[in-house]
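Asker: My questions will all concern the structure given below.
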Amino acid sequence: MDQFLAFTVVGLSTAAIYAVIGSGLVLTHTTAGVFNFAHGAAGMLAAFAYWQLAVGWGLPVPLALAAVLLVLAPAFGLFVERVLMRPVQALGEAERLVMTVALLTGCIALARWAWDPNTPRPLSPFFADRPALRLGPAAVTWHQAVTMAVALADAAALWFLLHRTRAGTEMRASVDDRALAGLTGADPLRAGRLAWVLGIQLAAVGGILIAPTVALDAQQLSLLIVSAYTAAVFGRLRSLPLTFLGAIVVGLLEAYLAGYLPQNDYLPGLRLAAPALLLLLALLAFPHRRLRGRDRRLVPVALPGRRGALLLAGAVLLLALVLVTVLSEDALISYGAIFALGVIALSYVPLAGYAGQVSLCQLSIAGIGAVTWGHLGAHGELWALPAAILVCAAVGAAIALPALRLSGIYLALGTTAFAVVLDRWIFTLPAFDVLGVRIALFDQGSVSVTGPDLFGLHLTTPAELLVLAACCLALASLGVAALRRGRFGRRLIAVRDSEAAYATLGGRLLGAKVAVFALSAGLAGLGGALYGMQLQTVTAEQFNLVAGLPIFLIAVIAGLGSVGAGLFAGLAFVVPTQALGELGSWAQDLSALLIALAGMALASSPAGVISRLRAEWAPLAQDRLLLGALGAVLAACWLLAALEAADGRLLLAVALAAATALRIRAAAGRRPPPDTPPEWWGVRRPWRPEDEEVLSRATAAG
């Protein structure tokens, strides 16, 4: 009994922290209409800042707490609201989701860059020098008592703010209809600022309270938010009492599993994954009303032409040929992952771009493909590659079944929970038997991966594996382009536009979702197997949730509806990472930070940069003379680099400068299009933002 009470006290103390963090999530969503995936990362930054002030610089604890909670946290909240969220507030749910995911990635990268993750940073609990309080046979430390008192004070203060003050009424009214709230005298901007400041402050309080009980690690602290996600989902993202109840359930579950779970090689990860499993169950069990506010802003998905798809595939193969002939073997090892990661990024296009299903577990599924190929194709058996694809497709189909009940941020939360379950439990399992079949994943270590046997050749060199990955990316790009042009692609677009309308008109929603999830997971599995061949040895950490977020962000930056997103993502992820890595160890996390900043900057442009680049370079592609001149310059640079007659960086700079100059020349020499009659605006030429005002004035004048 004494042991049970001790675990109960620990569980309630942990639950109090989850309740504080979860209440901040509910506050931000209830008042600003945004589910903040970076909420835990904000608490993580606050914990690091508190350590820096109180331990690193030796400031008194009260002064350090005041600086973090009253200065840094509110300033960060104002920055997030004014610079990041306000520009996307009027856009769709997807844009706001991408912004918070970018913020999560950026916060983790910033913390790793500023504080060396290899250096331990212990934090002492509050009032550690005082004896514990006695509640019968159970002992309650002062830190635990303070934590529970803060949670109770937080609950009372938030309820009073939201239901008994004018500011709270403004905050709740602004998310329902900002324009109507403004007409009644409320200030939606002020309400948004207050919501974000209080939400970040609550995250900071939770981060500081939990930091003394866990390692001060950027990724670990940021992912503790999964437990707060579960508590917030218990409250259906709007009820503070239910959120606190959910936090108590999660906290006690973790404590009792830590105390009573049998000790063997298979169950330790279950305790770590329990909050994510509970999140999945809560998402499936509880009804979720439609999110309030402007949830959707559909972006037209361009129909890729056959000529364009063939040119893209040819460009992929040509780039592979250039890399093989120009780069050394060591450089090929470094840059060889371009095409494999491109295949993984391409898996987002049919799933998120065509069908509108947001998934954050694609890299985790790629890990399943890598480890399946590693075991089944240990000697290069080619049949193991389609087997790995089929295994991943089956996993994707299994994810699609609960996805029928989920959409938007709920689907993103569900796939996040799935990725965390894989990271913390499934990938850590030793080999086991199911119905006489031996199943082995990473087997609590690493898995060696080799290349396949193809036409009597065993592909093992970096050049051979790079060409293989490039061929797979080229074929996959052609397949995704053909999918968009086909009947199934049109059905996926219909599912994205309106699932209810698709089902009402006779569409089989279950079949469409299962098929697109399986297809996307199969592509991710193929990319994972190719990526494992490049790495030669794979570990579970290379396929965790945080590692996959930058790839998702780059795919969004490229444009989820663009077939070229795969090649763009591979280049944008690998090239800056390798280039910055040459500057020293201090720049290792800089590439992830830059990707996050780019995601924040481009979250308000859901069409992506590929469509912009296509429009900017179209004049050059249509000018045969200038295009031939560019081809001659690129061929000359390629030849000089292959012969090692000039420095590769210099030749790359020359090629880029020549391409830019010729593009500018082609754009300047292009004749302006003839005037289009107003009745053909939006048909013969794109609709422009100023057209509405022009037509309104013309109608008023008439």
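Asker: Could you do me a favour and compute the accessible area per residue for the chain, 1.4 Å probe, result in Å²?
Answerer: So the chain comes to 45 Å² accessible per residue, rounded to a whole number.
Asker: Percentage of Cα-Cα pair distances in the chain greater than 36 Å, rounded to whole percent?
Answerer: Percent of Cα pairs beyond 36 Å in the chain: 45.
Asker: Okay, moving on. Could you check how much of the accessible area of the stretch 455-578 is carbon and sulfur, as a whole percent, using a 1.4 Å probe?
Answerer: Values: 2940 of 4450 Å².
Carbon and sulfur: 66 percent of the exposed surface of the stretch 455-578.
Asker: Express in nm, to one decimal, how much length is gained between Ala157 and Ala440 on full extension, taking 0.36 nm for each residue of separation and deducting their alpha carbon distance.
Answerer: Values: separation 283, 0.36 × 283 = 101.88 nm, distance 5.07 nm.
Result: 96.8 nm gained on full extension.
Asker: Determine ³J(HN,Hα), in whole Hz, for all residues of the stretch 631-645 in sequence, where each value follows from phi through the Karplus function 6.51 cos²θ - 1.76 cosθ + 1.60 and θ = phi - 60°; x replaces Gly and Pro.
Answerer: Result, ordered by residue: x, 5, 5, 5, 5, 5, 5, 4, 5, 5, 5, 5, 7, 6, 8 Hz.
Asker: Taking loop as defined by DSSP and a crowding limit of 13 other beta carbons within 10 Å, which trypsin sites (Lys or Arg not before Pro) in the stretch 490-572 fit?
Answerer: Values: sites: Arg490, Arg491, Arg496, Arg508, Lys513; in loops: Arg508.
Within the stretch 490-572, the qualifying trypsin sites (Lys or Arg not before Pro) (loop, at most 13 other Cβ atoms within 10 Å) are Arg508.
Asker: What is the angle, in °, between the Cα long axis of helix 268-285 and the longest principal axis of the Cα atoms in the chain? Nearest 10 is fine, range 0 to 90.
Answerer: It is inclined by approximately 80 degrees.
Asker: Quick check: residue separation of Arg685 and Ala215 times 0.36 nm, minus the Cα distance between them. What number comes out in nm? It would help to have the intermediate numbers written out before the result.
Answerer: Values: separation 470, 0.36 × 470 = 169.20 nm, distance 5.75 nm.
Answer, rounded to one decimal: 163.5 nm.
Asker: If amide hydrogens are placed 1.01 Å from N in the peptide plane, which non-local residues have theirs closer than 5 Å to the one on Leu454?
Answerer: For Leu454, the qualifying residues are Leu459.
Asker: Positive end of the dipole of the chain, charges at C-beta (+1 Lys, Arg; -1 Asp, Glu), about the Cα centre: which of Thr428, Leu475, Thr460 has its Cα farthest in that direction?
Answerer: Leu475
Asker: Still on this structure: Across the Cα atoms of the stretch 287-410, what radius of gyration and what greatest pairwise Cα-Cα distance (Dmax) are found, in Å?
Answerer: Considering the stretch 287-410 through its Cα atoms, Rg and Dmax are 18.7, 57 Å.
Asker: Now, a different point. What's the angle, to the nearest 10 degrees (0 to 90), between helix 188-210's Cα axis and the longest principal axis of the chain?
Answerer: Long axis of 188-210 versus the principal axis of the chain: about 70 degrees.
Asker: Give, in nm to one decimal, the length gained when the segment between Ala607 and Leu625 is fully stretched (0.36 nm per residue of separation minus the Cα-Cα distance). Could you put the intermediate results ahead of the total?
Answerer: Numbers: separation 18, 0.36 × 18 = 6.48 nm, distance 3.06 nm.
Here the segment from Ala607 to Leu625 would lengthen by 3.4 nm.
Asker: Put a dot 7 Å past each Cα toward the Cβ at Ala132 and Arg190; how far apart are the dots in nm?
Answerer: Going from the Arg190 label point to the Ala132 one covers 4.9 nm.
Asker: Tabulate in residue order the Karplus-calculated ³J(HN,Hα) for the stretch 18-27, using 6.51 cos²θ - 1.76 cosθ + 1.60 with θ = phi - 60°, rounded to whole Hz; enter x for Gly and Pro.
Answerer: With coefficients 6.51, -1.76 and 1.60, one gets 4, 5, 5, 5, x, 5, x, 4, 5, 4 Hz.
Asker: Using only the heavy atoms of the protein chains and a 1.4 Å probe, how would Glu381, Glu170 rank by accessible area, largest first? Provide the component values of the computation, followed by the final result.
Answerer: Details: Glu381 55, Glu170 10 Å².
These residues rank, largest area first, as Glu381, Glu170.
Asker: Next question, about the same structure. Obtain the nm distance between the two label points defined at Leu509 and Leu401 by a simple spin-label model: each point lies 7 Å from its Cα along the Cα-to-C-beta direction.
Answerer: Result for the modelled spin labels: 1.8 nm.
Asker: Using just the Cα positions, wrap the stretch 381-517 in a convex hull and report its mean projected area in square nanometres, one decimal place. Present the calculation step by step, with values, prior to reporting the outcome.
Answerer: Numbers: hull surface 46.0 nm².
Mean projected area for the stretch 381-517: 11.5 nm², to one decimal.
Asker: Here is a further query. Short version: ³J(HN,Hα) in whole Hz for each residue of the stretch 507-520, in order, from phi by Karplus 6.51 cos²θ - 1.76 cosθ + 1.60 (θ = phi - 60°), x for Gly and Pro, what are they?
Answerer: Along the stretch 507-520, the couplings run x, 8, 5, 4, x, 5, 5, 4, 5, 6, 5, 5, 4, 5 Hz.
Asker: A further question follows. Relative to the Cα centre, what is the charge dipole magnitude of the stretch 469-531, using +1 at the beta carbon of each Lys and Arg, -1 at the beta carbon of each Asp and Glu, and rounding to the nearest 20 debye? Before the final figure, lay out the partial values.
Answerer: Numbers: 8 positive and 2 negative charges, 43 e Å.
For this selection, approximately 200 debye.
Asker: Picking from Leu620, Gly570, Leu594, whose Cα lies most toward the positive end of the charge dipole for the stretch 546-648 (charges on Cβ: Lys, Arg +1; Asp, Glu -1)?
Answerer: Value computed over the given set: Leu620.
Asker: Give a quick list of chymotrypsin sites (Phe, Trp or Tyr not before Pro) in the stretch 294-362 that DSSP marks as loop, anything other than H, G, I, E or B, with at most 15 other Cβ atoms within 10 Å. Working shown, then result.
Answerer: Details: sites: Tyr335, Phe339, Tyr348, Tyr354; in loops: none.
Those that pass, being in a loop and sparsely packed, number zero.
Asker: Quick one: with all protein chains in place, what share of the accessible area of the stretch 229-387 is carbon or sulfur, to the nearest percent (1.4 Å probe)? Intermediate results must be reported in sequence, preceding the final value.
Answerer: Working: 4410 of 6640 Å².
In the stretch 229-387, the share of accessible area belonging to carbon and sulfur is 66 percent.
Asker: Of the options Leu650, Ala394, Phe339, report the single residue whose Cα projects farthest towards the positive end of the charge dipole of the chain (beta-carbon charges: Lys, Arg +1; Asp, Glu -1).
Answerer: After comparing all options, I get Ala394.
Asker: What size of dipole, in debye to the nearest 20, comes out for the chain about its Cα centre when the only charges are +1 on Lys and Arg C-beta atoms and -1 on Asp and Glu C-beta atoms?
Answerer: Values: 47 positive and 38 negative charges, 472 e Å.
Dipole about the Cα centre, nearest 20: 2260 debye.
Asker: From the helices alone, meaning DSSP H stretches of at least four residues, give me the mean residue ellipticity at 222 nm for the chain, per-run term -39500 (n - 2.57), in deg cm²/dmol to the nearest 500. It would help to have the intermediate numbers written out before the result.
Answerer: Details: 30 runs with 466 residues, N = 702.
Taking each H run of at least 4 residues, the total per residue is -22000 deg cm²/dmol.
Asker: Suppose a student asked you for the relative contact order of the chain, using Cα pairs under 8 Å spaced at least 6 residues apart; what percent would you report? Working shown, then result.
Answerer: Numbers: 1128 pairs, mean separation 131.2, N = 702.
Reported relative contact order: 19 percent.
Asker: Could you list which residues have their amide H under 5 Å from that of Leu360, counting only those 5 or more apart in sequence or on another chain, with H placed in the peptide plane?
Answerer: Counting only residues 5 or more places away or on other chains, the set is Thr415, Thr416.
The values are calculated or read from the model by the stated rules, or taken from the named source; none is laboratory data. In this text, all values refer to a predicted model and were calculated from it rather than measured experimentally. All Cβ positions, glycine included, derive from the backbone under ideal geometry; neighbour counts span all protein chains shown. Quick note on the areas: whole protein, heavy atoms, side chains included, nothing else; ligands and nucleic acids left out. Shrake-Rupley method; radii C 1.70, N 1.55, O 1.52, S 1.80 Å.
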